Every structure is written in structure tokens, then in C-alpha cells.
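Bear in mind these aren't lab numbers, they're just calculated from the coordinates by the rules spelled out. Please read these numbers as outputs of a predicted model, since none were measured by experiment. Glycine gets a Cβ as well: all are built from the backbone with ideal geometry, and neighbour counts include every protein chain shown.
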Amino acid sequence: MAKLFILSAPSGTGKSTIAGKLLQQLEGIRRVVTVTTREPRPGEKPGVDYIFLTKEEFEKGIEEGRFLEYANVYGNYYGTPRDQVERNLEEGYDSLLVIDVQGAFKVKRIYPDAVSVFLLPPSLEELKRRMIGRGYRDKNAQVRLETAKGEIPCAKRFDYIIINDFVDKAVDQLKSVILASRCERDSTLRNLRNLLKSEEILSLIEGGECYVKEA
């Protein structure tokens, strides 16, 4: 059964980098491409990194209910397209949503079974260094850093927390979360007939009794 995975973090923590590397290494999962009204950054590919719309196009999408969630962040709209999520679920693919904290909580309310992961920077100093490295000027980086100080405590409300001190390690940890979630008991039992061909094992699981009696 397809699942939703939410990856969230303060701006500059590296969630897009982590997501990109994960998708290269793991099958059966698709990234849901975020829609935004901000200008593309150098090297970003429309439809791959983001879907770029005008403010008017985005607001029309809001009226038509095309977004699972949306928010205005630093003066630009960002939203999760509903059709991508629904299509992935129908086709049996897990969805990876790379979104901000408020978006993560909105999606979690709609899909309570979604698995949420919060990516932490190793330090605020390192986070500021990464922001400046992405081209944010000191004043802009300071604004984002202050926002991050309000977002970091939200980590306590996520299912998993990963510290992005080393990229490859963080990717491996996120991959472990996804692989383990795919084997979660209730989800596996609901989908057992699609996963298992042995009628003998199926009949034992569905109708048998565990020989160990609970105290």
C-alpha cells in the first residue's frame, strides 16, 4: 500500500539535496513537485525542481482546489499539487513531499498515516553558512535564521528526526525510515495478498492463532 512521506526542515538545511539523492537510490517512490510563484534559481529545471507559476495562475489554482496545502513564504506562494499525490496513490507509488513545517502539519491532518521526518541542521552557525552559500545576503539570511529558530522546536511533533551533518549519512537514515515504514505491520497485513503468493502462509496469518499466549 502506497504511503506519503513528508520531509520538512528550515530553509537551507538541505532537504532538496537529501531528497534528490534518496530518489536516485530508492525505487517505488516519487517526489511530488512543489508549485511556486518565486523566480527559478540558476540551474533549476521547471517541472523537475519546481513547477513555476505566476501569482495569478497560483491563485486560480487555489480557487479550483488544486492544492493539498499551500502557504505564502517570504512573499511567494508554495503549494503541493493534489493531483500528483492522488495519482501516486492510485498507481501504488509512495510520495515524497518536500515542504515547509506549516505545510507538513496541514498534510498530516489530511493524511494522518503520513510519515513525517524533520531534518535538523547540525548548528545555527552551519545553517547560516549554508544560507549564504546559496546566495542569500546577510540581511536575508538573518531573517531566515530567525524563522528557523521558530521552526526547529516543531521537530518534536514529527515522527522521525534526522540531523544533516553529513549528507550521505542523512540519506541513508531517511532511506531506512522509508524501508522500515513499508514493513509496518498494519500496512503489510492490509496488502498481504498482493505481497505474498503462498496460500498456506496467508491462511495461517489470516485465520491461525499465535501459539504464545499473552499474559
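For the chain, modelled as a GNM whose springs connect Cα atoms under 10 angstrom apart, the maximal fluctuation among ARG82, ARG190, ARG129 occurs at ARG190.
Put the Cα centre of region 57-89 next to the Cα centre of region 166-191 and the gap is 27 Å. Cross-linked pairs LYS45/LYS149; LYS106/LYS175; LYS108/LYS169; LYS60/LYS175; LYS15/LYS197: Cα-Cα separations exceed 32 Å for LYS60/LYS175; LYS15/LYS197. Over all other residues within a Cβ to Cβ distance under 13 Å of PHE105, the charged ones net out to +1, with Lys and Arg as +1 and Asp and Glu as -1. Spacing of the modelled spin labels on ARG109 and LEU195, each 7 Å from Cα toward Cβ, amounts to 3.2 nm.
For the chain, a crude dipole built from +1 on the beta carbon of Lys and Arg and -1 on the beta carbon of Asp and Glu, taken about the Cα centre, is about 740 debye to the nearest 20. Volume per residue of the convex hull around the Cα atoms, evaluated for region 17-121, comes out as 122 Å³. Annotation: Cα Rg of region 108-212 relative to the compact-globule expectation 2.2 N^0.38 Å equals 1.63.
In terms of Cα atoms, the Rg and Dmax of region 4-185 work out to 15.8, 48 Å.
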